[in-house]
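To start, the structure itself, in structure tokens.
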Amino acid sequence: MAHGGEAAALCKVDDSGLARITLNRPEQLNAFNVQMRDDLFDILTKLHANPDLDAVLITGAGERAFCSGADLTEFGTAPSRVIAREARYLRDVWSLLRSLPVPTVAAMHGFSIGSGLEMALCCDFRIAADNTRFRLPEVALGMIPFATGSQSLPRVIGRALALDLLLTSRWFDADEARRMGVIHRVASPERLAEESEALLAETRRLPRGARAAAKAALRRGADVTLTNGLQIEAALAARTLPIRT
């Protein structure tokens, strides 16, 4: 933890290799601040180095929010834009989350706004309680998403739907999020934890090496030509195919 006081993000890894990350600012609706960024950076760095890691589940503490977006009280507190950009680059939580080789699930409830939604978009699976409310408000605030949203959202739901959400900054609920493909599943608040565990169980029963290779193929092939993507697929497939003699 980079700052004094209670951690803004917590992590526990159980004996099965499941890491449970909790966004831990419930009184502030788990708003994403500098301390949360630094805590998550430390957590994710350690998870990347953990050979026993098998899956990651991200939740928000309290009953009101998964994450309500960036903490606006800290906007403009960096000494300069250069220093702010440097900190963003050196503590790139989003790339660390996206590049984890194990399945990642965001279990969302309540407010899931701005960088909170963007964090979830960096995960492999998103499941939301039916009381979840989503919004990307950045354009309405005179800026654009700066936690991957302008790039991750169109890759998840397509350019047309992404433009709708970004250029209106409108609210949408869990049912619409499911129809658009923003999330994979909807559950009642009472069953969110159970449904998240069930989703994790579906993928954790598969061979770990094959899961990691499949994730790598999709991630590395997303921004290259089909020819290069097929080369990536062939190289990764060669590592997972059984060798016959």
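Taken together, the values in this text are just the output of simple stated rules run on the coordinates, not laboratory data. These numbers were taken from a predicted model, which means no experiment stands behind them. Here the Cβ is made from the backbone with ideal geometry for all residues, glycine too, and neighbour counts use every protein chain on show.
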Here the equivalent ellipsoid of the chain, derived from its Cα gyration tensor, has semi-axes (largest first, whole Å) of 28, 21, 20
Between the modelled labels at Asp173 and Ala234 (7 Å from Cα along Cα→Cβ) the distance in nm is 5.1 nm
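What order do you get for Trp171, Trp94 when you list them from fewest to most C-beta neighbours inside 10 Å? The partial results should precede the final answer.
Numbers: Trp171 14, Trp94 23.
Placing the least packed residue first, the sequence is Trp171, Trp94.
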Listed with the fewest Cβ neighbours within 10 Å leading, Arg155, Arg205 appear as Arg205, Arg155
Per principal axis, largest first, the Cα atoms of the stretch 12-59 extend in Å by 33, 16, 10
Fewest-first ordering of Leu40, Leu218 by Cβ atoms within 10 Å yields Leu218, Leu40
Check: C-alpha center the stretch 201-245 vs C-alpha center the stretch 111-151, spacing in Å is 28 Å
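Helix-only estimate, please: 222 nm mean residue ellipticity of the chain, summing -39500 (n - 2.57) across DSSP H runs of length 4 or more and dividing by its residues, to the nearest 500.
-13000 deg cm²/dmol
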